[in-house]
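Just below is one structure, and these are the notes that go with it.
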Amino acid sequence: MIIDISKIILTKNKKEVFDCSVESEVVSYQHNSFTIKNSKPFELNVINEEAKHLSISCNTSLVIVIPCDRCLEDVDCSFDISINKTFKIIDDTVVSDEEDISYINEGELDVDRLLFDEILVGWPSKVLCKETCRGICPKCGANLNTSPCDCDIKEIDPRMAKFQDVFREFKEV
């Protein structure tokens, strides 16, 4: 969703509230696309403070479907997003010393880009369907949470294979 905020930037002490919702159905992260399952409409506040600062604030939540890191089953991950950002206004232009503000361009605010930046900051480092997830079998690919497989998954580290040969030699004597 693109919002024209150029009048707010140019007008001292102007405040506007926008009714917004996430328009995109997916989030792209690390060359993958993840489905947005549930997103709530929200209000976005944009305030010009004394023609010196631009404040942007909102609160929302959404659910993104991310596969489990062990078994690849879909997991609903909740994201509670709270945005409170303040930027300087210099010569009728919004600037920031600390961060890239790619979501504000020539008086337009890209709300989806603003939210996605916050989602990526809060992205979980590991997603599990449950703490006791057993993952998938490295041989046959069966989900070990639903049923065990009969594969022999005992693999020997190739760096230690020579030691096994030595032990086999002494065992035969």
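The values are calculated or read from the model by the stated rules, or taken from the named source; none is laboratory data. None of these values were measured; they are calculated from a predicted model. Cβ: placed from backbone, ideal geometry, glycine included. Neighbour counts: every protein chain shown. When the accessible area is computed, the model is the full protein with side chains, heavy atoms only, and any ligands, DNA or RNA have been set aside. Shrake-Rupley method; radii C 1.70, N 1.55, O 1.52, S 1.80 Å.
Under the condition of being open to solvent by 100 Å² or more (accessible area, probe 1.4 Å) and either of a type in the set (S, T, Y) or under 28 Å from L128 (Cβ atoms) (or both), which residue from segment 140-163 is modelled with the highest pLDDT? Here the residue is T146. Right, V166: of a type in the set (A, V, I, L, M) and either out of contact with any Asp or Glu (no Cβ under 8 Å at 6 or more places or on another chain) or modelled with pLDDT under 85 (or both) or not? Against the criterion (of a type in the set (A, V, I, L, M) and either out of contact with any Asp or Glu (no Cβ under 8 Å at 6 or more places or on another chain) or modelled with pLDDT under 85 (or both)), V166 qualifies.
Scanning segment 8-23 finds one or more residues that are at pLDDT below 90 and touching a Gly at 6+ places or on another chain (Cβ under 7 Å). Of the residues making up segment 82-112, those that are surrounded by 12 or more Cβ atoms within 10 Å (Cβ to Cβ) and either in contact with a His (Cβ under 8 Å, 6 or more places away or on another chain) or in a strand (DSSP E or B) (or both) number 14. Looking across segment 113-127 at every residue that is in contact (Cβ under 8 Å) with a residue 60 or more places away in the chain and open to solvent by less than 40 Å² (accessible area, probe 1.4 Å), the one that is farthest from I66 (Cα to Cα) is identified as L115.
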